[in-house]
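Presented below is the structure to which this report refers.
Just so it is clear, none of the values below were taken in a lab; they were calculated from the coordinates. Just so you know, these numbers come straight off a predicted model, no measurement behind them. Methodologically, a virtual Cβ is constructed for each residue, glycine included, from the backbone with ideal geometry; neighbour enumeration extends over all protein chains shown.
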Amino acid sequence: MSLDVLAIGSHPDDVEIACGGTLALLARRGRSVGILHLTCGEAGTRGTVEERRREAEAAAAALGATELGILDLGDGGLRTGREEEEQLIERLRHWRPALVIGPAPRDRHPDHGRAHRLVADACFYAGLARRGSGTPHRPAAIFHYMQHDPFEPSFIVDVTSAWAAKLEALAAYESQLHQPGAERPEPPTKVASPEYRAAIEGRARHFGLLINAAYGEPFGSRLPLAVSDPLELVPGGLS
Ligand SMILES: [Zn+2]
């Protein structure tokens, strides 16, 4: 087993909201894509663990992800100790992703920042031959996606061609997200509000505009990115 990309989120729906378009784009280009939710989402105001698992499965299928994992590291107080590192290392050594996409270093929900540290640490430790069991594997790169808090992106992916698949994944999360045409959900929460749903599109429109695309998803990288040909960064290349 060797995945091209593994997207990791704190809660079911984090990955789909933040980078679902990019995952769908990669899957449609023949890349192997996996999704790992670190918690079952049991602390959410709405939706049972069983509902959220079914929603996660439908969303992964909509994006074209072939692997889906859900760990139980504690929604609302994500645990990041040695035992949790071991669970993540086991998944990384099993799926052996070239690229890991995870949460940003800081965000409104404390679980997101905790997950960033856990993912970064586990990706490094998974490459140590003398840490735990299994064949060592260290992903070649880790990028982070944008959730609530904005940051200056290192790059933006044009997800226009995969936007419909992203909407399909968001539609799978009936218990979590406002669905177009539906009543305003009770009890009201920020994530389930029509405004939040509109903001997902608004953010994609905003970042798309910066790269002359209809929809874009922003990403950060701790390290500078290498390019073999700077003209690959120029829209249209040589002209
Ligand atoms: Zn979350």
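List of remarks:
- Here the dipole of the stretch 147-239 is about 120 debye; that uses its Cα centre as origin and unit charges on the Cβ of Lys and Arg (positive) and Asp and Glu (negative).
- Remark: D107, D229, D121 ranked as D229, D121, D107, counting other beta-carbon atoms within 10 Å and listing the fewest first.
- Rounded FRET efficiency, nearest 0.05, which uses the C-beta distance separating L223 from S193 and R0 of 25 Å: 0.10
- Residue ranges 28-38, 127-137 sort as 28-38, 127-137 when ordered by packing (mean number of other C-beta atoms within 10 Å per residue, highest first).
- Selected from V119, V227, V15 as most flexible by GNM, with the chain as the system and alpha-carbon contacts under 10 Å: V227
- Using only alpha carbons, the stretch 35-173 has a radius of gyration to Kirkwood radius ratio (Rg to Rh) of 0.96.
- Choice from A43, A59, A24 showing the highest fluctuation, given a GNM over the chain with Cα pairs closer than 10 Å: A43
- Counted by neighbouring Cβ atoms within 10 Å, the residues D75, D111, D4 run from fewest to most as D4, D75, D111.
- Kirkwood-based Rg to Rh ratio, the chain, C-alpha trace: 0.96
- The relative contact order of the chain, computed from alpha carbon pairs under 8 Å that lie at least 6 residues apart in sequence, is 23 percent.
- The tail of the calculated P(r) for the stretch 120-239, taken as Cα-Cα distances beyond 22 Å, holds 54 percent of the pairs.
- Considering helices alone, the calculated mean residue ellipticity of the chain at 222 nm is -12000 deg cm²/dmol, with DSSP H runs of length four and up weighted by -39500 (n - 2.57) and normalised per residue.
- Equivalent-ellipsoid semi-axes for the stretch 15-107 (Cα gyration tensor, √(5λ), whole Å, largest first): 21, 18, 12.
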